[in-house]
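Data block below; observations after.
Throughout, read-outs are computed from the coordinates displayed, never taken from laboratory work. Note that this is a predicted model, so its numbers are computed, not measured. All Cβ positions, glycine included, derive from the backbone under ideal geometry; neighbour counts span all protein chains shown.
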Amino acid sequence: MRPGPGTWGALAACLLWWLLASHLPATARVPAILVLVGVVTAIGIPAATLEARGCGKKDPQHVVIDEVAGQLVTLIACPIVWHALLAGFILFRVFDILKPPPIRSLEKLPDGTGIVVDDLGAGVYGFIVLQLLLHYGVVR
């Protein structure tokens, strides 16, 4: 979708997370999201590799499975409240766009690995900051 296919992919991941998390008992949420991240990553790397090779672009914008994986990482232990979800969405997008060190260097990994792993890195940054914001009551 345009504009900003990565933003749409991250938004779709937020909706997927909300649906999954709201239908699971609290004790099953984190393990389920971790499994989902693993599945999306395992499918995403070879799929992104094939599509990047097929269209001749290093990181084609229309491939958004990397944003799905990264956004899910940010939301791993997010409480099921809209403001925490919104904060996680914004944090992931900021880190995905800015790519602070060492995330930018992860893009240099070959093929789909570089496409997906840099977004997983942005997801880890988003996760850490979101958990700090939750811990210190900035986001409730």
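What number goes with the only condition from (1) without any contact (Cβ under 8 Å) to a residue 40 or more places away in the chain; (2) under 12 Å from the mean Cα position of the chain (by Cα) that GLY137 does not pass?
Evaluating GLY137 over (1) without any contact (Cβ under 8 Å) to a residue 40 or more places away in the chain; (2) under 12 Å from the mean Cα position of the chain (by Cα) leaves (2) as the failure.
Within segment 79-101, track down each residue that is touching a residue at least 60 places away in the same chain (Cβ under 8 Å), surrounded by fewer than 24 Cβ atoms within 10 Å (Cβ to Cβ) and not β-branched (Val, Ile, Thr).
Within segment 79-101, LEU85, PHE89, ARG93 meet the criteria.
In segment 67-78, which residue that is touching a residue at least 60 places away in the same chain (Cβ under 8 Å) and in a helix (DSSP H, G or I) is surrounded by the fewest Cβ atoms within 10 Å (Cβ to Cβ)?
Going through segment 67-78, the residues touching a residue at least 60 places away in the same chain (Cβ under 8 Å) turn out to be 67, 70-71, 75, 78.
Those still in the list that are in a helix (DSSP H, G or I) too: 67, 70-71.
Details: GLU67: 26, GLY70: 35, GLN71: 32.
Restricting to residues being touching a residue at least 60 places away in the same chain (Cβ under 8 Å) and in a helix (DSSP H, G or I), the top hit is GLU67.
Looking at segment 102-140, which of its residues are assigned to a helix (DSSP H, G or I), among the charged types (D, E, K, R) and surrounded by fewer than 21 Cβ atoms within 10 Å (Cβ to Cβ)?
Of everything in segment 102-140, those that are assigned to a helix (DSSP H, G or I), among the charged types (D, E, K, R) and surrounded by fewer than 21 Cβ atoms within 10 Å (Cβ to Cβ) turn out to be ARG104, ASP111.
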